Each structure stands twice: as C-alpha cells, then as structure tokens.
1. Within the stretch 79-90, is even one residue in a helix (DSSP H, G or I), surrounded by fewer than 18 Cβ atoms within 10 Å (Cβ to Cβ) and not assigned by TED's automatic domain parsing to the domain that holds Tyr163?
2. For the stretch 55-74, name all the residues that are polar (S, T, N, Q) and farther than 30 Å from Lys35 by Cβ.
3. Anything in the stretch 154-166 that is part of a helix (DSSP H, G or I) and loosely packed, with under 13 Cβ neighbours inside 10 Å? List them, or say none.
4. Given the residues Leu227, Leu180, Leu214, which is the only one that is in contact with a Lys or Arg (Cβ under 6 Å, 6 or more places away or on another chain), assigned by TED's automatic domain parsing to the domain that holds Leu132 and among the aliphatic types (A, V, I, L, M)?
5. Mind checking which residues of the stretch 172-211 are among the aliphatic types (A, V, I, L, M), surrounded by fewer than 15 Cβ atoms within 10 Å (Cβ to Cβ) and more than 23 Å from the chain's Cα centre (by Cα)?
6. I'd like to know if the stretch 122-145 contains one or more residues that are part of a loop (DSSP other than H, G, I, E, B) and either within 26 Å of Ile196 (Cβ to Cβ) or among the basic types (Lys, Arg) (or both).
7. Could we say that Ile169 is surrounded by 13 or more Cβ atoms within 10 Å (Cβ to Cβ), in the same structural domain as Tyr217 (by TED's automatic domain parsing), part of a helix (DSSP H, G or I) and β-branched (Val, Ile, Thr) here?
8. Could you list, in sequence order, the residues of the stretch 212-248 that are buried (at least 18 other Cβ atoms within 10 Å of the Cβ) and among the hydroxyl-bearing types (Ser, Thr, Tyr)?
Amino acid sequence: MFIFVIMNNHYAFIKLQQILSKRIARELNIMDNSKQWPRHFYEKASKKISEKIEASILLSESDRAVIGGYISSSTLERVLKYGYQVPENIDKRRLNTLNKLSIYLDYKNWAAFNKNVEPIVDIEKVKQIIHLANEAEFKAYLTLPAVQLKPLSKYFCTESPAYKKIKNILINLSDKNWTLRNHTATSYYEILNIEIIKDSATEIHLTANECWYLKWYDNYSGEVVHLYNEHNDQLYIVALIDGNWKIKTNHYPANFN
C-alpha cells in the first residue's frame with residue numbers, strides 16, 4: 001500500500017500545476033495556459049490522463065483499487081484553473097486526486113512527486129510584502145480617529161504580535177482623538193533598504209532600514225500633540241501561512257549582531 005510522507009505541500013502543488021499544464025499542452029498540442037482553456041480542452045485532457053493511469057505499470061492492483069483510474073474534467077479544471085488547498089493532513093479524496101495526477105507525470109504517487117520538489121521562495125515577492133505592509137500601516141494612521149484594521153490583515157498574521165502591536169497603537173490613538181489629516185505639514189514613511197538575513201521554505205527573516213515621520217494633531221483643537229520622528233533598523237519575520245506569506249514579527253529597534 002502507499003506510504004505517504006507529505007512535505008512542502010504548497011510548493012509541491014504549485015510545481016505540479018506547472019508541470020501538469022505543460023505536459024497536457026504538449027500531448028494535446030494546445031496552448032500552455034490552462035487558465036484560458038475552454039471546457040472541451042479539459043474534457044480531452046481528462047480522457048488522456050485517465051487512459052494513462054489505467055495503463056500505468058507504476059500501480060499495483062491493490063493501489064489501483066484504492067485510488068481508481070479516472071479523473072473528471074471538472075476536478076482537473078478546479079486543480080489547474082482555480083487551485084487546490086493542500087493542507088498538511090490531506091483528506092483521502094483530495095489525496096487520491098493528487099496521486100492520480102502524479103502518476104500521469106510518471107511518479108509512483110503524490111509523496112514521490114512531493115519528495116522531488118525543491119521549494120523556491122520568491123524573495124522579491126516577500127520583500128514587496130514589507131513595502132505593502134508599511135503602506136497599509138501608514139494608511140491606517142491616515143484614517144484615524146477611525147480605526148480600520150481590515151487592510152492590515154492581508155499582510156499581517158492577525159494572531160501575531162506584529163498585528164496586535166499596530167492594532168493597539170491605532171486604538172490608543174483613536175481614544176486620544178489624534179489625527180494626521182487636514183494639515184499642511186506632511187507625515188511620511190520611507191523604506192531605505194531591505195536585506196535577507198535568514199531564509200527557509202516557510203519563514204524569512206529580514207531587516208528593513210526605515211524612516212517614519214508622523215506629526216500628530218489633536219483632532220479637536222488642531223494643535224500638535226506629538227512628533228514621531230524615527231530612523232532605525234527593524235526586524236521582520238515573514239512566515240508562509242496557508243499558502244500566503246504574512247508578517248508575524250516586527251521588532252524595532254533591533255540588534256542583529
């Protein structure tokens with residue numbers, strides 16, 4: 001029977017999508033862009049894949065009885081066009097689908113395909129998250145005294161210290177009725193440099209050299225009540241959570257020696 005040792009599921013699935021699309025396109029002589037395929041392309045591909053699984057010598061009779069030999073066009077379309085959630089503990093039905101697609105790609109099963117995948121982290125994409133998170137934080141300050149947290153959740157893990165720190169700051173400033181708006185003096189932030197100090201398939205540690213100049217006014221009197229003027233190095237830990245990179249730690253000022 002199959003022995004499943006599942007590793008790096010998110011990356012393995014992305015790789016499977018890419019290879020699967022190219023293989024089908026080559027064998028059916030169609031364009032290599034599965035997200036643009038019409039329905040009948042998926043129907044032809046489903047038939048092709050099912051035929052190969054049925055004829056595969058990689059499957060024992062007992063394994064064939066477990067996973068079957070047919071994959072529907074609707075399942076194939078969902079995998080290639082819309083993606084597939086692949087958690088650490090994959091349910092049997094979804095695992096059977098991944099096994100069948102792996103067999104079509106000449107692997108014994110999903111575990112064998114997964115084992116051969118080298119995770120590739122898009123470092124520039126992770127760096128961009130820092131830029132976008134800072135922009136979302138700055139915009140949240142601009143909306144005060146109204147507290148708007150939803151835009152932050154796209155870039156921060158909402159259970160993390162980094163998110164909770166900003167949330168507490170926003171609530172505190174809102175209670176004080178401070179604002180950055182409606183004044184000629186300009187508040188701003190700037191990221192001068194981002195460097196990777198540690199990386200893995202699921203967690204990236206970065207330092208960011210940042211400037212923040214926030215001139216706070218009392219919303220009623222219009223008087224300046226506080227000037228936040230900081231230039232420092234900040235430590236970010238960005239983690240892969242449910243297939244998305246999100247910030248879980250933002251510490252400053254930090255000593256990285």
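1. yes
2. As a first pass, look at the stretch 55-74 and keep what is polar (S, T, N, Q): 56, 60, 62, 72-74.
Ser60, Ser62 - these are the residues of the stretch 55-74 that are polar (S, T, N, Q) and farther than 30 Å from Lys35 by Cβ.
3. Start the filter on the stretch 154-166 by keeping residues that are part of a helix (DSSP H, G or I), which leaves 154, 161-166.
Of everything in the stretch 154-166, just one residue is part of a helix (DSSP H, G or I) and loosely packed, with under 13 Cβ neighbours inside 10 Å, namely Lys154.
4. Working: Leu180 fails: in contact with a Lys or Arg (Cβ under 6 Å, 6 or more places away or on another chain); Leu214 fails: in contact with a Lys or Arg (Cβ under 6 Å, 6 or more places away or on another chain).
Within the list Leu227, Leu180, Leu214, the selection yields Leu227.
5. Ala185, Leu192 - these are the residues of the stretch 172-211 that are among the aliphatic types (A, V, I, L, M), surrounded by fewer than 15 Cβ atoms within 10 Å (Cβ to Cβ) and more than 23 Å from the chain's Cα centre (by Cα).
6. Start the filter on the stretch 122-145 by keeping residues that are part of a loop (DSSP other than H, G, I, E, B), which leaves 122, 143-145.
Pick out the ones that are also either within 26 Å of Ile196 (Cβ to Cβ) or among the basic types (Lys, Arg) (or both) and you get 122.
Yes; the residues of the stretch 122-145 include at least one that is part of a loop (DSSP other than H, G, I, E, B) and either within 26 Å of Ile196 (Cβ to Cβ) or among the basic types (Lys, Arg) (or both).
7. Details: surrounded by 13 or more Cβ atoms within 10 Å (Cβ to Cβ): yes; in the same structural domain as Tyr217 (by TED's automatic domain parsing): yes; part of a helix (DSSP H, G or I): yes; β-branched (Val, Ile, Thr): yes.
Yes.
8. Tyr217, Tyr236
The values are calculated or read from the model by the stated rules, or taken from the named source; none is laboratory data. These figures come from a predicted structure and were not determined experimentally. Here the Cβ is made from the backbone with ideal geometry for all residues, glycine too, and neighbour counts use every protein chain on show.
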